Amino acid sequence: MRGSPSSIYSGMRLATVADRLIAAGAEPLIAVLPVAGPVVDPNSGEWAGVWEDYLVDDVVPWVDAHLPTIASQSGRALEGLCAGGFGAIDIGLRHPGLFGTLGSWEGYFAPIFRDGPFVGATEADLVAHDPTLIARREAASMKRDGVRIYISAGGNHGHILRRMTVAFARELRTLRLPHELWLLPRSEQGHFWRATLPSALAYADAAFS
């Protein structure tokens with residue numbers, strides 16, 4: 001899908017932000033940045049279907065087998081921006097016990113685009129990938145498992161609206177689920193991705209300790 005790992009580790013200066021957090025006392029962390037989506041038409045994919053399977057069945061086991069991870073729910077966070085934000089929340093809620101912290105940076109919270117695996121999807125398929133409905137249904141087990149959610153928003157871009165994030169935060173608050181809502185300060189207009197990263201990493205890292 002559009003974007004690449006370099007937009008995280010270079011454009012958003014991931015290593016610099018992480019080093020500052022760790023120097024201030026945060027737990028060291030390992031960042032894993034998988035690539036996914038169709039090559040011919042990158043905009044026609046979603047983090048669902050084969051890409052959801054790839055993340056859950058291939059990436060996570062490989063990482064735990066080859067890197068010095070904390071191989072448990074509390075030792076893992078899954079986060080993403082825009083379509084990746086939808087995928088992080090959707091995948092995390094659909095696979096309980098795998099990730100302790102979920103994060104969406106200016107994402108969306110329902111399968112609003114009928115592309116990729118959602119082309120021709122049935123109503124049952126769409127319901128099964130709707131994070132809002134999943135959270136309502138699984139709120140009790142999410143509380144029991146200690147699932148935490150970070151969500152952030154800047155302005156609107158395309159069909160992705162700031163009010164979607166605010167509405168999801170309201171839903172989480174109603175369900176009394178642990179979460180943090182971060183909204184872009186006026187002083188950071190035009191730099192959303194870079195501005196949201198420090199608080200997103202700090203929120204995730206707090207669970208590792």
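The values are calculated or read from the model by the stated rules, or taken from the named source; none is laboratory data. Nothing here was measured: the structure is a model prediction, and the numbers come from that model. Backbone-built Cβ (ideal geometry, glycine too); neighbour counts: all protein chains shown. When the accessible area is computed, the model is the full protein with side chains, heavy atoms only, and any ligands, DNA or RNA have been set aside. Shrake-Rupley method; radii C 1.70, N 1.55, O 1.52, S 1.80 Å.
Quick notes
- Residue-by-residue Karplus 3J(HN,Hα) for segment 171-176, coefficients 6.51, -1.76, 1.60, Hz, glycine and proline x: 4, 5, 5, 4, 7, 6
- Spin-label pair ARG170/ARG136, simplified geometry with 7 Å Cα→Cβ offset, distance in nm: 1.4 nm
- For the pair SER199 and TRP62, a Förster radius of 41 Å applied to the C-beta separation gives a FRET efficiency near 0.90, rounded to the nearest 0.05.
- Note that segment 34-39 has calculated 3J(HN,Hα) couplings of x, 9, 8, x, x, 7 Hz, one per residue in order, obtained from phi through the Karplus relation 6.51 cos²θ - 1.76 cosθ + 1.60 (θ = phi - 60°); glycine and proline are x.
- For the listed peptides 96-109, 121-134, 144-157, 79-92, a ranking on the average number of other beta carbons within 10 Å per residue, highest first, reads 79-92, 96-109, 144-157, 121-134.
- Cut-off 20 Å (backbone N to label point 7 Å along Cα→Cβ of THR16), residues of segment 160-190: 185, 187-190
- For the chain, the solvent-accessible area of protein heavy atoms averages 51 Å² per residue (probe radius 1.4 Å; ligands and nucleic acids excluded).
- Percent of alpha-carbon pairs separated by more than 17 Å within segment 25-64: 43 percent
- Over segment 100-209: Kirkwood hydrodynamic radius from C-alpha pairwise inverse distances, Å: 15.0 Å
- In this label model, ALA31 and GLU188 are separated by 1.5 nm, measuring between points 7 Å along each Cα→Cβ vector.
- Distance from segment 153-188 to segment 41-68 (C-alpha centre basis), Å: 26 Å
- Between ARG2 and SER74, the contour length at 0.36 nm per residue exceeds the alpha carbon distance by 23.0 nm.
- Residues in segment 116-124 carry Karplus couplings, in order, of x, x, 9, 5, x, 5, 7, 4, 5 Hz; the curve used is 6.51 cos²θ - 1.76 cosθ + 1.60 with θ = phi - 60°, and Gly or Pro positions show x.
- Cβ-based charge dipole, the chain, positive-most Cα from GLY103, ALA83, PHE192: PHE192
- The value obtained for segment 1-105, namely the Cα convex hull volume divided by the number of residues, is 105 Å³ per residue.
- Diffusion coefficient, µm² s⁻¹, Stokes-Einstein with Kirkwood Rh over alpha-carbon pairs of the chain at 10 °C and 1.306 mPa s: 91 µm²/s
- DSSP bridge orientation in segment 30-179 - percent antiparallel, rounded to nearest 5: 10 percent
- In this rough spin-label picture, where each label sits 7 Å from Cα along the Cβ direction, the ALA110-LEU98 distance is 2.4 nm.
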